[in-house]
Amino acid sequence: MINIAIFASGGGSNAATITKYFFQHPHIRVALFVTNNASSGVISLGDMYDIPTKVLTKKQISETSVLLPLLQENQIDFVVLAGFLLKIPDFLISQYQEKIFNIHPALLPKYGGKGMYGHHVHEAVYDAGERVTGMTVHLVNENYDEGRILFQAACLIKKDMNPDQIAHEVLKLEHAHYAQVIEKYITEFQH
């Protein structure tokens, strides 16, 4: 069985979609939730699916003596970022080389980088007058949003759409594709 850990900071809708997708999967399972937010949606998700959940401070996440043993104890093979707002420490990137996924609510390389997450991205896309946006699944490296792109999906922005409506359309794409991209990559990685 391949074990994945989901790191999330917010409401956890992508985490919920991924967890549901891999629930009773024959080869891949969500084995751990990690959050830096004591009111994150993944806490109730952990209770619902009986998956261990760990709330860590920003300082704890940056310490090898805390994060690596936690992942090793839970036999984590891959890490999935689902709205996790802290920078992943270099030691974790080197320990999980090519094994950390992130989802970005734009078509990278556009609208990526430090500070470009969530609503900030949708507002920038709106302000620029873009007619197309979407989502990107990529592997995580040392630089924000610069890891190898695995998959992108696009949607049209209608003239009367505001940033909230753009966010809603992009989130539908994220929910439709993120888990399948993870599954395909892990399956191919194992062969």
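Points worth noting:
- If you go through the stretch 137-191 and keep only what is within 22 Å of Asp127 (Cβ to Cβ), of a type outside the set (A, V, I, L, M, F, W, C) and part of a loop (DSSP other than H, G, I, E, B), you end up with Tyr144, Asp145, Lys158, Lys159, Asp160, Asn162.
- Residues satisfying the stated conditions in the stretch 118-136, i.e. outside any helix (DSSP H, G or I) and of a type in the set (Gly, Ala, Ser): Ala128, Gly129, Gly134
- Unmet requirement for Val42, which otherwise passes all of (1) over 16 Å from Val140 (Cα atoms); (2) over 13 Å from the mean Cα position of the chain (by Cα); (3) without any contact (Cβ under 8 Å) to a residue 60 or more places away in the chain; (4) surrounded by 16 or more Cβ atoms within 10 Å (Cβ to Cβ): (2)
- Flag for Lys99 being modelled with pLDDT of 95 or more and either of a type in the set (Ser, Thr, Tyr) or touching a Phe, Trp or Tyr at 6+ places or on another chain (Cβ under 8 Å) (or both): yes
- Of all residues in the stretch 14-38, those that are in the same structural domain as Leu86 (by TED's automatic domain parsing) have Cβ atoms under 8 Å from Cβ atoms of residues that are surrounded by fewer than 16 Cβ atoms within 10 Å (Cβ to Cβ) and hydroxyl-bearing (Ser, Thr, Tyr), 6 or more apart or on another chain, in His27/Thr187; Asn36/Thr57.
- From the list Pro69, Pro52, the lone residue that is without any contact (Cβ under 8 Å) to a residue 12 or more places away in the chain, in the same structural domain as Lys20 (by TED's automatic domain parsing), surrounded by fewer than 19 Cβ atoms within 10 Å (Cβ to Cβ) and over 22 Å from Val137 (Cα atoms) is Pro69.
- Residues within the stretch 104-129 that are among the aliphatic types (A, V, I, L, M), under 19 Å from Lys158 (Cβ atoms) and surrounded by 13 or more Cβ atoms within 10 Å (Cβ to Cβ), tallied: 5
The values are calculated or read from the model by the stated rules, or taken from the named source; none is laboratory data. Predicted, not measured: the structure shown is a model, and the values here were computed from it. For neighbour counting, all protein chains shown are included, and Cβ atoms are generated from backbone atoms with ideal geometry for every residue, glycine included.
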